[in-house]
Amino acid sequence: MSIPQVTQKLLAAKKEKGLSFADLEKILNHDEIWIAALFYLQATASEEEAKLLVEALGLDTSYIQELTAYPVKGLGPVVPTDPLIYRFYEIMQVYGLPLKDVIQEKFGDGIMSAIDFTLDVEKEEDPKGDRVKVIMSGKFLPYKKW
């Protein structure tokens, strides 16, 4: 997977400033996951949000145009090779259909929105090894009959 040049520059500036995505959450008043998605050109900033980010990172205003452009979303048609990203792919291969059945038992025939959606990551301390807690919350959209 190739990382866009603008993403590389944003990440380098964040590192140089010693900022975390949680720090940027306080500046932009948006969730750290959304901000990370913006870095990877998977979200679109408003002009004001882009200006705040560029200013916080000490970057030239020429980045505003890239951050406010409508993105082409997704990783592409290939299976991801990064081990952490692949685990999510693997989780859906193993648990996707069971998850779909459970959701449909509870809600009916439909989908979970990825547009009206939030995603949070929490660290759970555990004596046997810290755990990653991923919380997805999407609006249920029933299929329409016509």
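The values are calculated or read from the model by the stated rules, or taken from the named source; none is laboratory data. Note that the structure is a prediction, hence the values are computed from the model and not measured. Quick reminder, even Gly has a Cβ in these numbers, built from the backbone with ideal geometry, and neighbours come from all protein chains shown.
Is it true that some residue in region 54-68 is among the small types (Gly, Ala, Ser), closer than 30 Å to Ser2 by Cβ, within 17 Å of the chain's Cα centre (by Cα) and surrounded by 12 or more Cβ atoms within 10 Å (Cβ to Cβ)?
No, region 54-68 has no match at all.
Can you say whether Glu122 is closer than 27 Å to His30 by Cβ and without any contact (Cβ under 8 Å) to a residue 24 or more places away in the chain, as far as the supplied structure shows?
Yes; evaluated as a whole, the condition is true for this residue.
Does Lys73 satisfy being modelled with pLDDT under 95, within 17 Å of the chain's Cα centre (by Cα) and surrounded by fewer than 16 Cβ atoms within 10 Å (Cβ to Cβ)?
Answer is yes for this residue.
If you take the residues in region 86-101 that are modelled with pLDDT of 90 or more and aliphatic (A, V, I, L, M), which one is farthest from Ile3 (Cα to Cα)?
Filtering first and then ranking leaves Leu99.
Would you be able to tell me the number of residues in region 6-41 that are outside any helix (DSSP H, G or I), buried (at least 16 other Cβ atoms within 10 Å of the Cβ) and without any contact (Cβ under 8 Å) to a residue 12 or more places away in the chain?
So the answer is 0.
I'd like to verify a number: residues in region 94-119 that are over 28 Å from Asp31 (Cα atoms) and of a type in the set (S, T, N, Q), how many?
1
What's the number of the only condition in (1) among the charged types (D, E, K, R); (2) in the same structural domain as Ile135 (by TED's automatic domain parsing); (3) touching a helix residue (DSSP H, G or I) at 6+ places or on another chain (Cβ under 8 Å) that Lys51 fails to meet?
The single condition Lys51 does not satisfy is (2).
Only residues that are over 15 Å from the mean Cα position of the chain (by Cα) and modelled with pLDDT under 95: list them for region 113-146, please. Steps first, please.
Within region 113-146, the first condition is being over 15 Å from the mean Cα position of the chain (by Cα), and the residues that meet it are 123-132, 139-146.
Tyr143, Lys144, Lys145, Trp146, listed by residue number.
From the list Gly138, Gly76, Gly58, which one is within 17 Å of Trp34 (Cβ to Cβ) and not charged (D, E, K, R)?
Only one candidate passes the filter, namely Gly138.
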